[in-house]
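Below is one structure, written out as structure tokens; the observations come after it.
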Amino acid sequence: MTFSAVIFDFGGVITSSPFEAFNRLEAERGLPRDCIRRINATNPDDNAWARFERAEIDASAFDTAFAAEAAALGLEISGADVISCLAGDVRPRMVAALDALKGAGYTLGCITNNVRAGKGSAMVFDDSRAAQIAAIMARFDHVIESSKAGVRKPDPRIYAMMCDALEVAPKACIYLDDLGVNCKPAAAMGMAAIKVTGETQALADLRALLGLPGDWPRA
């Protein structure tokens, strides 16, 4: 198979997963592990999180709505608590992979489910990190943010939007995401989907699909 484009999720792929930060918050508060994910997985198409990612509500409304959803499960967590966990740490080898792919002539895309909070695409809260993220985002030929597009993964439309923007067929694309539910529509369209569980695994799978050597990408 010949690929011409590689499409990345951002949080959990280029940066560490916010789920790690969720788990730290849960541990600090004495809350059940993964309870934040459980809240966000309840009524996944129209809960507070889904509406926030589609920019149908603002941060203040999300704060209130999420707290109500948590309370319905007997939990005390505000939406503001969740927002504070969203910005992950940059994975340097993934950024190096972006540069190596770009240098080799691949077209790069990014589809990210995000919200209108913090500074920039990755929802950080300080200027230096915002500048770092902006520099990474500039490497992509096209970026689709759910909070700007009004559509979020796993809606198949967002993947089709990316293919149209990059002018590539799905079968010419590799797609990386840390959530299996987001990989499934990409695979159904004909993309080669990689479910990311960590930086080393993601790079190994990408190397295998592209036929690249074991030391790729070189630092």
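The values are calculated or read from the model by the stated rules, or taken from the named source; none is laboratory data. No experiment lies behind these values; they were computed from the predicted model shown. No Cβ is skipped: glycine too gets one built from the backbone with ideal geometry, and neighbour counts run over all protein chains shown.
Miscellaneous remarks
- A single entry from Gly109, Gly88, Gly103 fulfils the requirement of being in contact with a Gly (Cβ under 7 Å, 6 or more places away or on another chain) and closer than 28 Å to Leu203 by Cα: Gly88.
- Any hit, the stretch 49-56, residues being touching a Cys at 6+ places or on another chain (Cβ under 9 Å) and small (Gly, Ala, Ser): no
- Residues that are under 22 Å from Phe19 (Cα atoms) and crowded, with 20+ Cβ neighbours inside 10 Å were ranked within the stretch 187-219; the one that is farthest from the chain's Cα centre (by Cα) is Leu203.
- Selected residue (only one of Ala55, Ala65 is of a type in the set (A, V, I, L, M), modelled with pLDDT of 95 or more and either crowded, with 17+ Cβ neighbours inside 10 Å or in a strand (DSSP E or B) (or both)): Ala65
- Residue check, Val181 β-branched (Val, Ile, Thr), at pLDDT 95 or above and surrounded by fewer than 16 Cβ atoms within 10 Å (Cβ to Cβ): yes
- Taken together, Arg129, Arg93, Arg157, Arg139 contain a single residue that is among the basic types (Lys, Arg) and assigned to a loop (DSSP other than H, G, I, E, B), which is Arg139.
- The numbered conditions (1) touching a residue at least 24 places away in the same chain (Cβ under 8 Å); (2) among the charged types (D, E, K, R); (3) loosely packed, with under 15 Cβ neighbours inside 10 Å are all true for Asp127 except (1).
- Failed criterion for Val115 (all others in (1) at pLDDT 95 or above; (2) within 21 Å of Ala48 (Cα to Cα) hold): (1)
- Given (1) outside any helix (DSSP H, G or I); (2) assigned by TED's automatic domain parsing to the domain that holds Asn182; (3) surrounded by 14 or more Cβ atoms within 10 Å (Cβ to Cβ), number of the condition Leu75 does not satisfy: (2)
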